[in-house]
Every structure is written in structure tokens, then in C-alpha cells.
1. Condition first: farther than 16 Å from ARG66 by Cα and outside any loop (DSSP other than H, G, I, E, B). Now tell me which residues in the stretch 16-48 satisfy that.
Amino acid sequence: MAKNTVPEPVSSPEKLKLLITVVNRVKSEYYADLIQGFGANLQCFVSAKGTADSKMLDAIGLADDRKSAIFSIIREDRAGELLATLANRFETIRYGRGIAFTVPLNSVIGVLAYRFLADKRDTQRFL
């Protein structure tokens with residue numbers, strides 16, 4: 001390395017988590033946009049159905065049991081704030097109830113894939 005050259009920035013990789021969010025299907029786009037605001041570059045929607053029977057749903061005033069499961073990849077350092085925001089929105093938005101939890105990811109194949117998922121495309125290299 002020459003004396004006058006500046007070394008490339010080095011950073012250690014951020015850990016990733018899989019965020020699973022289950023919400024009413026009519027609110028799935030809203031929650032996907034909210035999650036994307038926390039740096040989730042990859043999201044997958046899966047249709048789901050609630051477990052309560054129709055009699056129970058009618059009794060509590062919910063006729064629609066159609067759900068969406070949203071699978072998102074997020075950075076671990078953003079997970080706490082995102083889960084708190086989701087919990088707040090589940091309580092305050094009309095028909096916006098849901099559940100969200102994370103599962104840690106151990107590895108990702110490929111530096112470019114990692115950079116995309118971690119929303120760290122400006123990183124130069126890793127240790």
C-alpha cells in the first residue's frame with residue numbers, strides 16, 4: 001500500500017433477521033410500506049387464513065378472516081424499533097390488528113445479496 005493512499009472503509013456485517021408479520025389482507029400493503037421504511041428491501045406476501053371459526057368471528061364483530069403473512073428481511077439493529085412501531089400500529093389502526101415476530105438468520109450466500117438485504121450498498125468490503 002502506497003503512503004498517500006487512503007485505505008478502504010472496513011465494516012463488520014450487520015446481523016439479519018426474518019420478520020414475519022400476519023395482518024388482515026386489506027391492510028397488508030400499508031404494513032409492507034411501513035416495514036420498507038425501516039430498510040427492508042425484500043418482502044414476500046403469502047395468503048393466510050385465521051384460525052377462529054366463523055361463529056367466534058361474528059361474536060367479536062370480525063367477519064373477515066382473510067390474512068396475509070408478510071416475510072421481510074431486516075437488520076437486527078432496526079428490529080426493536082420496527083417491532084415497537086408495529087405493536088403501536090396494531091393497537092391504534094382500525095382493522096389493523098396483527099402479530100409480528102423475528103427469527104435470526106445465520107448466513108447469506110454472497111456479499112452482494114447481503115448488501116442488498118442489509119440495505120448497506122455503500123459498504124466497500126467486509127472483514
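1. Taking the stretch 16-48 as the starting set, the residues that turn out to be farther than 16 Å from ARG66 by Cα are 16-20, 32-44.
Those that are farther than 16 Å from ARG66 by Cα and outside any loop (DSSP other than H, G, I, E, B): LEU16, LYS17, LEU18, LEU19, ILE20, ALA32, ASP33, LEU34, ILE35, GLN36, GLN43, CYS44.
Table: residues versus (1) within 21 Å of TYR31 (Cβ to Cβ); (2) part of a loop (DSSP other than H, G, I, E, B); (3) modelled with pLDDT of 95 or more.
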{"position": "LEU57", "(1), (2), (3)": "yes, no, no"}
{"position": "LEU62", "(1), (2), (3)": "yes, yes, no"}
{"position": "LEU83", "(1), (2), (3)": "yes, no, yes"}
{"position": "GLU91", "(1), (2), (3)": "yes, no, no"}
{"position": "TYR114", "(1), (2), (3)": "no, no, no"}
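The values are calculated or read from the model by the stated rules, or taken from the named source; none is laboratory data. These numbers come from a predicted model, not from an experiment. Here the Cβ is made from the backbone with ideal geometry for all residues, glycine too, and neighbour counts use every protein chain on show.
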